[in-house]
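Please find one structure pasted underneath; my questions will follow.
Read-outs throughout are calculated quantities, based only on the coordinates presented, and are distinct from any laboratory measurement. This is a predicted model, so every value here is computed, not measured. Reconstructed Cβ throughout: ideal geometry from the backbone, glycine too, with neighbour counts over all protein chains shown.
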Amino acid sequence: MKPTKIVILLILVSLFFVSGCNKGEGLNIFSIEDDKSLGIQVKNEIASKPSEYPIVDKSTYGAAYAYLEDMKTAILNSGQVTHKDDFLWELYIIKDDNTQNAFCTPGGYIYIYTGLIKYLDNASALAGVLGHEMGHADKRHSTEAMTKQYGISTLAQVVLGKNQGMLSDIALSMVNLQFSRTNEAEADKYSVIYLCPTLYKANGAAAFFKKIIAAGGSQTPAFLSTHPNPENRVENIDNQASSSSCSGGLISAAQDTTAYNAFKAMLP
């Protein structure tokens, strides 16, 4: 009789711990299909808790969603997103002006808080943050980080539709999921790579950190963490953008700021 997937995973768990490595560090034994399965389970959990995650209605605020969808499509059409066709890349706005946050689940379900959108000053800055979050999902950092947080066997059970009681905790953890220094640096890097062929400024994510620094650096959201520190991240992002042969980055001031302000005015 063939061993079930969960048995195989648990065998791998045993071998992993015998090896003496840190729990989950740098390890992702889950497949693309596992990412998609976990992502849709987290999406459904978020949808079931409207008081905690008040999703802005797409039919009522269609113009605002259309603006964000165009931004997302530009990133996906950069030719640099590895899992462009594997994930659904669904996008949702969460109504919470007090939260400057965004996250992307495994499988590419993207959530952006109104507080973050209204905090930023231009389209390139938001595109930079969006690219960063999509980079975490595309490079599959989320399941890697969640493996470290919950352990392989627990996460494997959830992926297979078992231990559904963990879904609420997992959905909550997505809001402030802590990534490693390496993962954060890679997401910053791919934000530049994704934006490079688009109209947006390739170093758009740096604008966010510059605003954080100008405010004294005390309000850095957990989703972008503080390692490496904002100053180093600005330098790294700017250096990569300047050294890249970008064919894009031609967004006009009117598109980058004026149209972005009109977008913000569309939100509830």
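Stretch Thr257-Asp96 to full length: gain in nm at 0.36 nm per residue minus the Cα-Cα span?
Here the answer is 55.8 nm.
Another question about this same structure. Using 0.36 nm per residue of separation minus the Cα-Cα distance, give me the extension gain between Asn44 and Asp57 in nm, one decimal.
So the extension gain works out to 3.1 nm.
Only four residue types carry charge here, +1 at the Cβ of Lys and Arg and -1 at the Cβ of Asp and Glu. Report the dipole size of the chain about the Cα centre in Debye, rounded to the nearest 20.
Approximately 300 debye in magnitude.
Would you please give the residues with an amide H less than 5 Å from that of Tyr92, counting only those at least 5 places away or on a separate chain, with H modeled from the backbone geometry?
Ile110, Tyr111, Ile112
OK, next. If we restrict to alpha carbons, what Rg and Dmax does the stretch 58-117 come to, in Å?
Both quantities, over Cα of the stretch 58-117: 12.1, 35 Å.
Where a Cα-Cα gap under 20 Å defines reach, which aspartates and glutamates qualify for Lys162, not counting those fewer than 8 residues away within the same chain?
Glu33, Asp34, Asp35, Glu45, Glu144
Arrange the following residues from fewest to most other Cβ atoms within 10 Å of their Cβ: Arg181, Arg140, Arg233.
Ascending number of Cβ neighbours within 10 Å: Arg181, Arg140, Arg233.
For Lys49, go through the aspartates and glutamates and keep the ones whose alpha-carbon is under 13 Å away, minus same-chain ones fewer than eight residues off.
Output for Lys49: Asp169.
How high is the relative contact order of the chain? Use alpha-carbon pairs under 8 Å, at least six apart in sequence, and give a whole percent.
23
If you don't mind, another one. Using a ≥ b ≥ c from the Cα gyration tensor of the stretch 70-150 (square roots of the eigenvalues), is it rounded, prolate or oblate, where a/c under 1.5 gives rounded and otherwise the larger of a/b and b/c decides, a/b for prolate?
oblate
Okay, next question. For the chain, what are the per-bin percents of Cα-Cα distances with bins 10 Å wide, up to the bin holding the maximum?
The distribution over the chain is 7, 30, 35, 20, 7, 1, 0, given as percents.
Kyte-Doolittle mean at least 1.0 and Cα extent at least 18 Å along the axis: which DSSP H helices of the chain qualify?
Answer set is 5-18.
State which entries of Lys43/Lys84; Lys118/Lys211; Lys36/Lys148; Lys36/Lys118 exceed 21 angstrom in Cα-Cα distance in the structure shown.
Result: Lys36/Lys118 exceed 21 Å.
Across the stretch 100-111, in residue order, what do the Karplus-derived ³J(HN,Hα) couplings come to in whole Hz, using 6.51 cos²θ - 1.76 cosθ + 1.60 with θ = phi - 60° and x for Gly and Pro?
8, 8, 7, 7, 9, 6, x, x, x, 8, 9, 10
Run the helix sum for the chain: -39,500 (n - 2.57) per DSSP H stretch of 4+ residues, divided by residue count, reported at 222 nm to the nearest 500 deg cm²/dmol.
Taken over the chain, the calculation gives -16500 deg cm²/dmol.
Full extension from Thr182 to Leu160: what is 0.36 nm times the residue separation minus their Cα-Cα distance, to one decimal in nm?
Result for the pair: 5.1 nm of gain on full extension.
Nearest 5 percent is fine: what portion of the DSSP beta bridges confined to the stretch 44-119 is antiparallel?
In the stretch 44-119, approximately 50 percent of DSSP beta bridges are antiparallel ones.
Order of Thr143, Thr257, Thr182, Thr114 from fewest to most other C-beta atoms within 10 Å?
In increasing order of surrounding Cβ atoms, one gets Thr182, Thr257, Thr114, Thr143.
Long-range amide H contacts for Gly249: which residues qualify at under 5 Å (H placed 1.01 Å from N, peptide plane, sequence gap of 5 or more or a different chain)?
The list, which skips near neighbours in sequence, is Thr198, Leu199, Tyr200.
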